[in-house]
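Read through the structure below, which is laid out as structure tokens, and then see the notes.
The values are calculated or read from the model by the stated rules, or taken from the named source; none is laboratory data. All values reported here derive from a predicted model rather than from experimental measurement. As a convention, Cβ positions derive from the backbone with ideal geometry for all residues, glycine included, and neighbour counts pool all protein chains shown.
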Amino acid sequence: MGCGTGPTAIRLRPHVSAFEATDISPAMIDIAQGPQAGAAPDHRVTFRVASAPDSFADDTSYDAVFAHSLLHLIPDPEALFARVAKAVPAGGYFISKTPCLGARGMALQGAAMRVMIPLMQLTGKAPPVIRFFSTEGLEAAIARAGFEVVEAGSFPGGKPPSHYIVARRSS
């Protein structure tokens, strides 16, 4: 989910039998499928336009689901986490990178963004939903969906806002 122009899918394709990459933006998928992506076509990787909740077929199981820079933009993240939990079998992984704009260490930037973002939303320069997750809050929400956080950290340098989570689906 949130594959953008596809660099992660292209980088991981030699290591997987199949990689389904989705993004809500048709323009991003066009770039991912085109010569600008810098990689030859490969049957292991498919790109398609889909919102995060629509990224999963009801009868399909995934060894791992990636969510890149989009969880803070989801209107109902708890529902999405439950959807991911249905798509990932026990022992499978949910891997995410999320801007945690409400994290400790983001007080000044977070305060400024809480003022600026609504103004930007009024002019159409910011998405309609932006969540201010704390790192602890995001990890707890993923755990409530049936995942065990096995690794988490903020990078670069251990500081927010970019928070990475690797979570394993519990049995």
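I'm trying to understand the selection: among the residues of the range 91-117, which are within 21 Å of A52 (Cα to Cα) and aliphatic (A, V, I, L, M)?
If we filter the range 91-117 for residues that are within 21 Å of A52 (Cα to Cα), which is where we start, we get 92-101.
Of everything in the range 91-117, those that are within 21 Å of A52 (Cα to Cα) and aliphatic (A, V, I, L, M) turn out to be I95, L101.
Condition (residue is assigned to a strand (DSSP E or B) and farther than 20 Å from A145 by Cβ) applied to the range 59-75: is it met by at least one residue? If you could, list the steps in order and put the result at the bottom.
Our first condition is that a residue be assigned to a strand (DSSP E or B); within the range 59-75, this holds for 64-68.
Restricting the remaining residues to those that are farther than 20 Å from A145 by Cβ gives none.
Within the range 59-75, not a single residue is assigned to a strand (DSSP E or B) and farther than 20 Å from A145 by Cβ.
Those residues that are surrounded by fewer than 13 Cβ atoms within 10 Å (Cβ to Cβ), assigned to a helix (DSSP H, G or I) and either at pLDDT below 90 or of a type in the set (F, W, Y) (or both), I need them from the range 18-40; list them, please.
Taking the range 18-40 as the starting set, the residues that turn out to be surrounded by fewer than 13 Cβ atoms within 10 Å (Cβ to Cβ) are 18, 26-27, 34-36, 38, 40.
Now restrict to residues that are assigned to a helix (DSSP H, G or I): 26-27, 35-36.
Within the range 18-40, P35, Q36 meet the criteria.
Which one is farthest from the chain's Cα centre (by Cα) among residues in the range 138-169 that are surrounded by 14 or more Cβ atoms within 10 Å (Cβ to Cβ), small (G, A, S) and not in a strand (DSSP E or B)?
G146
Give me the residue from the range 92-116 that is closer than 17 Å to P127 by Cβ and free of Cβ contacts under 8 Å to residues at least 12 places away in the same chain and, out of that set, surrounded by the most Cβ atoms within 10 Å (Cβ to Cβ).
The extreme case among them is M116.
Mind counting the residues in the range 5-17 that are surrounded by 12 or more Cβ atoms within 10 Å (Cβ to Cβ), out of contact with any Lys or Arg (no Cβ under 8 Å at 6 or more places or on another chain) and part of a helix (DSSP H, G or I)? Let's see the steps before the verdict.
Residues of the range 5-17 that are surrounded by 12 or more Cβ atoms within 10 Å (Cβ to Cβ), as a first pass: 5-10, 12-13, 16.
Right, trim to out of contact with any Lys or Arg (no Cβ under 8 Å at 6 or more places or on another chain) and you get 5-10, 12.
Cutting the leftovers down to part of a helix (DSSP H, G or I) gives us 7-10, 12.
The total comes to 5.
For the range 92-129, give me each residue that is within 20 Å of the chain's Cα centre (by Cα), among the small types (G, A, S) and in a loop (DSSP other than H, G, I, E, B).
G92, G102, A103, A126 - these are the residues of the range 92-129 that are within 20 Å of the chain's Cα centre (by Cα), among the small types (G, A, S) and in a loop (DSSP other than H, G, I, E, B).
Does P89 qualify as being assigned to a loop (DSSP other than H, G, I, E, B), surrounded by fewer than 14 Cβ atoms within 10 Å (Cβ to Cβ) and out of contact with any strand residue (DSSP E or B) (no Cβ under 9 Å at 6 or more places or on another chain)?
On the way: assigned to a loop (DSSP other than H, G, I, E, B): yes; surrounded by fewer than 14 Cβ atoms within 10 Å (Cβ to Cβ): yes; out of contact with any strand residue (DSSP E or B) (no Cβ under 9 Å at 6 or more places or on another chain): no.
Taking the combined requirement at face value, the residue does not satisfy it.
Within the bounds of the range 41-49, is there any residue that is loosely packed, with under 14 Cβ neighbours inside 10 Å, part of a helix (DSSP H, G or I) and over 15 Å from the mean Cα position of the chain (by Cα)?
For the range 41-49, residues loosely packed, with under 14 Cβ neighbours inside 10 Å, part of a helix (DSSP H, G or I) and over 15 Å from the mean Cα position of the chain (by Cα): absent.
Checking A67 against (1) at negative phi; (2) at pLDDT below 95; (3) not β-branched (V, I, T): exactly one of these is not met. Which one?
Unmet condition: (2).
How about the range 110-140: which of its residues are within 30 Å of R169 (Cα to Cα) and basic (K, R)?
R131
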